[in-house]
Amino acid sequence: MKSASVVCCSIVYTAVWLAPSFCRADQSEDEAAIRKNAEDYVAAYNNHDAKAVAAMWSPHAVYMDASTGEAAIGREEIEKVFSQTLAEFKDAKLQVDVKTVEFVSPNVAIENGTVRVIRPDAEPEETDYMAVNVRQDGKWLIDRISEESPPTPPPSNYEHLKELEWMIGSWIDQSEDATIQTDCQWTKNQNFINRSFAVVVGDQVDMAVMQIIGWDPVARQIRSWVFDSDGGFAEGKWTRNGDRWVIQQNGTLPSGSRSSAVNVMTQIDDDSFTWQSIQREIDGDVLPNVDEVLIVRQPTE
């Protein structure tokens with residue numbers, strides 16, 4: 001069975017695209033004609049008019065069937081292939097988005113774009129294409145087309161972390177003694193959230209802290225890793241209860257002592273949340289809780 005993505009053809013087109021772009025005094029009319037041809041091609045395909053589709057190819061064009069690897073040479077053979085394809089995929093509809101048209105000579109142009117085949121019983125199929133257009137007897141015709149699927153997007157854990165997206169931005173917690181500035185942003189591909197903290201006393205940074213928040217696919221849980229400028233580090237496990245996040249954190253102090261705490265973050269609205277640290281211990285010794293503080297989003301300048 002032919003793939004519904006066999007809309008144009010799939011062939012490595014000739015090396016004409018390697019030639020430097022040809023500079024014409026006015027290419028606008030030629031470009032408009034090529035773009036109009038793309039519209040007419042879509043209309044002919046969607047009307048299941050194989051003869052009209054074949055007429056838009058040059059007399060000696062080569063159409064390569066991507067599903068079979070067989071070549072159809074000339075309009076008559078191309079018409080036969082499209083007659084079979086359109087009969088097989090009666091409900092398929094074609095969409096073409098022409099991105100660019102570049103001229104490599106007065107009579108040769110490279111057309112780049114995206115083609116989509118839409119069927120009611122399947123997911124749309126999308127490919128990127130490059131078409132070699134040639135001008136013959138004053139008319140632009142298709143001579144070769146190559147197609148390739150768009151690159152697969154890299155994996156992302158955004159779906160697991162998007163419930164923390166409200167944290168993205170800059171935040172501030174200010175008291176009489178110190179100011180804590182927090183900046184939070186996505187890493188590339190939204191696989192992690194990076195938070196940096198700066199504890200400022202007077203006009204000096206007293207401590208800097210970096211936290212990375214990510215998704216653990218084995219534990220099926222959000223986790224975080226913290227590193228501070230004094231040499232301490234910790235990791236945490238996040239659980240959610242409504243607008244309340246509970247982070248069970250275990251760490252190692254610069255001295256080598258082991259620490260643990262439960263940090264609680266409660267979102268109030270898009271621009272504020274509270275933070276509190278409870279059940280704090282160092283080497284088994286219980287420490288007092290840290291009172292709840294209000295942290296607000298820093299206004300955008």
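The values are calculated or read from the model by the stated rules, or taken from the named source; none is laboratory data. Just so it is clear, the structure is predicted and the values come from calculations on it, not from any experiment. As a convention, Cβ positions derive from the backbone with ideal geometry for all residues, glycine included, and neighbour counts pool all protein chains shown.
Give segment 148-168 a look and list any residue that's touching a residue at least 40 places away in the same chain (Cβ under 8 Å) and within 15 Å of the chain's Cα centre (by Cα), or say none.
Answer for segment 148-168, where residues must be touching a residue at least 40 places away in the same chain (Cβ under 8 Å) and within 15 Å of the chain's Cα centre (by Cα): just 157.
Could you check how many residues of segment 174-204 are touching an Asp or Glu at 6+ places or on another chain (Cβ under 8 Å), of a type in the set (D, E, K, R) and part of a loop (DSSP other than H, G, I, E, B)?
0
Search segment 121-147 for residues that are free of Cβ contacts under 8 Å to residues at least 12 places away in the same chain and pair each with any residue that is outside any loop (DSSP other than H, G, I, E, B) when their beta-carbon atoms are under 7 Å apart and the residues are at least 6 apart or on different chains.
Within 7 Å, the pairs are 124/116; 124/117; 124/118.
Could you grab me the full set of residues in segment 121-136 that are more than 24 Å from residue 103 (Cβ to Cβ) and either part of a strand (DSSP E or B) or in contact with a Lys or Arg (Cβ under 9 Å, 6 or more places away or on another chain) (or both)?
Residues satisfying the conditions are 124, 125, 126.
What do you reckon, is residue 224 polar (S, T, N, Q), out of contact with any His (no Cβ under 7 Å at 6 or more places or on another chain) and within 15 Å of residue 184 (Cβ to Cβ)?
For residue 224, the condition - polar (S, T, N, Q), out of contact with any His (no Cβ under 7 Å at 6 or more places or on another chain) and within 15 Å of residue 184 (Cβ to Cβ) - is met.
So, residue 268, is that one surrounded by 14 or more Cβ atoms within 10 Å (Cβ to Cβ), of a type in the set (A, V, I, L, M, F, W, C) and either touching a strand residue (DSSP E or B) at 6+ places or on another chain (Cβ under 6 Å) or assigned to a strand (DSSP E or B) (or both) or not?
Criteria not met by residue 268.
In segment 271-301, how many residues are loosely packed, with under 12 Cβ neighbours inside 10 Å and more than 38 Å from the chain's Cα centre (by Cα)?
Adding up the residues that qualify gives 6.
Restricting attention to segment 118-139, which residues are more than 17 Å from residue 35 (Cα to Cα) and either out of contact with any Phe, Trp or Tyr (no Cβ under 8 Å at 6 or more places or on another chain) or aromatic (Phe, Trp, Tyr) (or both)?
So in segment 118-139, the residues more than 17 Å from residue 35 (Cα to Cα) come out as 118-127, 137.
Selection gives 118, 120, 121, 122, 123, 124, 125, 126, 127, 137.
Which of the residues belonging to segment 137-156 are of a type in the set (Ser, Thr, Tyr) and either part of a loop (DSSP other than H, G, I, E, B) or in contact with a Leu (Cβ under 9 Å, 6 or more places away or on another chain) (or both)?
Within segment 137-156, 149, 152, 156 qualify.
Got a sec? Which strands (runs of 3 or more DSSP E) wholly within segment 50-110 have at least 1 residues that are out of contact with any helix residue (DSSP H, G or I) (no Cβ under 8 Å at 6 or more places or on another chain) and crowded, with 19+ Cβ neighbours inside 10 Å?
It comes to 62-64.
Give me the pairs, please: first residue somewhere in segment 266-283 and under 12 Å from residue 171 (Cβ atoms), second residue anywhere and surrounded by 14 or more Cβ atoms within 10 Å (Cβ to Cβ) and of a type in the set (D, E, K, R), beta-carbon distance under 7 Å, and either six or more positions apart or on two chains.
Going by the 7 Å Cβ cut-off, the qualifying pairs are 271/297; 272/297.
Out of 171, 166, I need the residue that is assigned by TED's automatic domain parsing to the domain that holds residue 224, surrounded by 15 or more Cβ atoms within 10 Å (Cβ to Cβ) and not in a strand (DSSP E or B). Which one?
Unique residue meeting the criteria: 166.
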